[in-house]
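Engineer: Shown below is the structure under consideration.
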Amino acid sequence: MSARELARSASITVTHDYESASVHSSAGWQLHVGEFYGDPQVALIDANARWCAVAGEGLIVCELAPQGRCTAYFREPGNALWITELRQEAAWVLEARGEDGCWHRIDLQAP
């Protein structure tokens, strides 16, 4: 099976191949986002192409750069949140909707 597209912008594509997610840049670099339990379900690319989010079993947010840092949210063993929808609320604010229908706000610049 080939990689399936989750999100696309003018210069960035987020894909997954089964449980593994990746970012591909039109500049030629790639970034491994991470592994999920089950296929990732949704992805979002920041309106300014500075970060992206990939979700399913939890959430992984990555800086969009060749060696971009990735940070996991809602993925604690035994307490993972299944994410069904993502939306960007501000330049550095992401909201993730859990399978229970509740929205969770993440400030990506918070310490």
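Every number here is computed from the coordinates shown, using simple stated rules; none is lab data. Note that this is a predicted model, so its numbers are computed, not measured. Note: ideal-geometry Cβ built from the backbone for every residue, glycine included; neighbour counts use all protein chains shown.
Engineer: Pairs of Cα atoms under 8 Å, at least six residues apart: use those to get the relative contact order of the chain, whole percent.
Structural biologist: In percent, rounded to a whole number, it is 15.
Engineer: Below 12 angstrom from the Cβ of Glu63, what's the summed charge of the other residues (Lys, Arg +1; Asp, Glu -1)?
Structural biologist: +1
Engineer: What net charge do the residues around Glu35 carry, taking every other residue with its C-beta under 10 Å from that of Glu35, with Lys and Arg at +1 and Asp and Glu at -1? Don't jump to the answer; show the numbers that get you there.
Structural biologist: Working: positive: none; negative: Glu19, Glu57.
Neighbour charge sum, excluding Glu35 itself: -2.
Engineer: Regarding the chain, what is the average projected area of its C-alpha convex hull, in nm²?
Structural biologist: 6.9 nm²
Engineer: Along the charge dipole of the chain, which of Leu31, Phe74, Ala21 sits closest to the positive end, that is, farthest toward it, with unit charges on the beta carbon of Lys, Arg, Asp and Glu (+1, +1, -1, -1)?
Structural biologist: Leu31
Engineer: Mind checking the dipole of segment 1-86: about its Cα centre, +1 per Lys or Arg Cβ, -1 per Asp or Glu Cβ, Debye to the nearest 20? Don't jump to the answer; show the numbers that get you there.
Structural biologist: Numbers: 5 positive and 10 negative charges, 54 e Å.
The calculated dipole for segment 1-86 is roughly 260 debye.
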